[in-house]
Amino acid sequence: MKKVLVTGGSGFIGSHTVEALLEKGYEPIVIDNFSTGSRQNIAHLPVQCIEADVTQSEIIELIKQIAPDYIIHLAAQVSVAASVKDFLYDEQVNIKGSLHVIKAAAEAKVEKVVFASSAAVYGDPVYLPVDTDHRLQPGSPYGLTKLTVERYLEMSKSLYDLDYCILRYSNVYGPRQDALGEGGVVSIFSDKFAKGEAPFIFGDGEQTRDFIYVGDLAAANVAALTAQSNVCLNVSCGDSITVNELFQTMKRVTNSHLEPIYKSQRAGDIVHSTLANEKTKQVLAWEPVVSLQEGLTRTISYYEQELKA
């Protein structure tokens, strides 16, 4: 049984990835500092979970002791707004933390590192849908840190023969996403609808997003372990919807009468984003299977259950 270390494995994406690994017969091991993740997310799963922080140098020896076959590196500071507010903290987690993981992976002779990157590396698109040949011009410190780690991985292949797969995620949504964070508009809307409170929309709501259901994303993370190495791929649904349309869709799903409250646009936010995924479908033999309607229904149901609990 192949051992897969998942950094940030108790988080939103991490916990779904751990479930997907178990389904495919892997042995996942979780490292998390629980700054944003929750033990509750993986409490129902038969996995070893170690409390540790990727920003601390001790993590290198810990990973070498675990001696995983693969690493899926998800631990990160994920908020664009937080990165604008404090780019030193963003750098600590996303660059320094990632370098600790990469160094450990190289020394432990890990077969491959799958790295969670982001559409934020592209900045404002010159054309849509954005493919992986698009220019890279991040508009936020968060996007810049993700791009920097991509470059380190490319260099680590030539210096240490460390195989990698870079996955640039579009907007991920689904059950267990933190509604308190700056990140997920779907989770924030779902939480507001469940509580009967009017959600905020930043800007005019005509900004577009490419939403990928977390279960589909987790499947891509797992597929990347054994697919082609040393590639960079977009993980997306390949389609886009405006935030206003998203609101109206969720309003219909919840039979709500709520109306949004519009606020000024946030610094660092990209206006339009759709990621091309044809290459990803071929390389990973993967495709998204959960429709937006189905994914939203599952997500809203989760928040309603959480509120009752």
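Summary of values
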{"read-out": "Yes/no for residue 170 being more than 27 Å from residue 265 (Cα to Cα), in contact with a strand residue (DSSP E or B) (Cβ under 9 Å, 6 or more places away or on another chain) and hydroxyl-bearing (Ser, Thr, Tyr)", "value": "no"}
{"read-out": "Considering residues of the stretch 44-61 that are open to solvent by less than 40 Å² (accessible area, probe 1.4 Å) and not in a loop (DSSP other than H, G, I, E, B) only, the residue farthest from residue 32 (Cα to Cα)", "value": "60"}
{"read-out": "Residue selected from the stretch 155-177 under the condition aliphatic (A, V, I, L, M) and free of Cβ contacts under 8 Å to residues at least 60 places away in the same chain, by the criterion surrounded by the fewest Cβ atoms within 10 Å (Cβ to Cβ)", "value": "159"}
{"read-out": "Condition check for residue 152: at pLDDT 95 or above, open to solvent by 40 Å² or more (accessible area, probe 1.4 Å), under 29 Å from residue 2 (Cβ atoms) and in contact with a Leu (Cβ under 9 Å, 6 or more places away or on another chain)", "value": "yes"}
{"read-out": "Tally, over the stretch 1-29, of residues that are open to solvent by 20 Å² or more (accessible area, probe 1.4 Å), in contact (Cβ under 8 Å) with a residue 40 or more places away in the chain and touching an Asp or Glu at 6+ places or on another chain (Cβ under 8 Å)", "value": "3"}
{"read-out": "Identity of the residue in the stretch 30-58, among the β-branched types (Val, Ile, Thr) and free of Cβ contacts under 8 Å to residues at least 60 places away in the same chain, that ends up nearest to residue 216 (Cα to Cα)", "value": "42"}
{"read-out": "Restricting the stretch 8-43 to residues that are among the β-branched types (Val, Ile, Thr) and part of a strand (DSSP E or B), the residue that is nearest to residue 101 (Cα to Cα)", "value": "31"}
{"read-out": "Candidates 65, 77, 40, filtered to the one that is out of contact with any strand residue (DSSP E or B) (no Cβ under 9 Å at 6 or more places or on another chain) and either surrounded by 22 or more Cβ atoms within 10 Å (Cβ to Cβ) or within 22 Å of residue 142 (Cβ to Cβ) (or both)", "value": "77"}
{"read-out": "Hey, residue 104 in a helix (DSSP H, G or I), among the aliphatic types (A, V, I, L, M) and touching a residue at least 60 places away in the same chain (Cβ under 8 Å) or not", "value": "no"}
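For (1) touching a Lys or Arg at 6+ places or on another chain (Cβ under 7 Å); (2) part of a loop (DSSP other than H, G, I, E, B); (3) within 15 Å of residue 233 (Cβ to Cβ), each residue gets a yes or a no:
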site: 134; (1), (2), (3): no, yes, yes
site: 143; (1), (2), (3): no, no, no
site: 157; (1), (2), (3): no, no, no
site: 166; (1), (2), (3): no, no, yes
site: 177; (1), (2), (3): no, yes, no
site: 186; (1), (2), (3): no, no, no
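The values are calculated or read from the model by the stated rules, or taken from the named source; none is laboratory data. All values reported here derive from a predicted model rather than from experimental measurement. Please note: Cβ atoms are built from the backbone with ideal geometry, for glycine as well, and neighbour counts cover all protein chains shown. These accessible areas exclude ligands, DNA and RNA; they are computed on the full protein's heavy atoms, side chains included. Shrake-Rupley method; radii C 1.70, N 1.55, O 1.52, S 1.80 Å.
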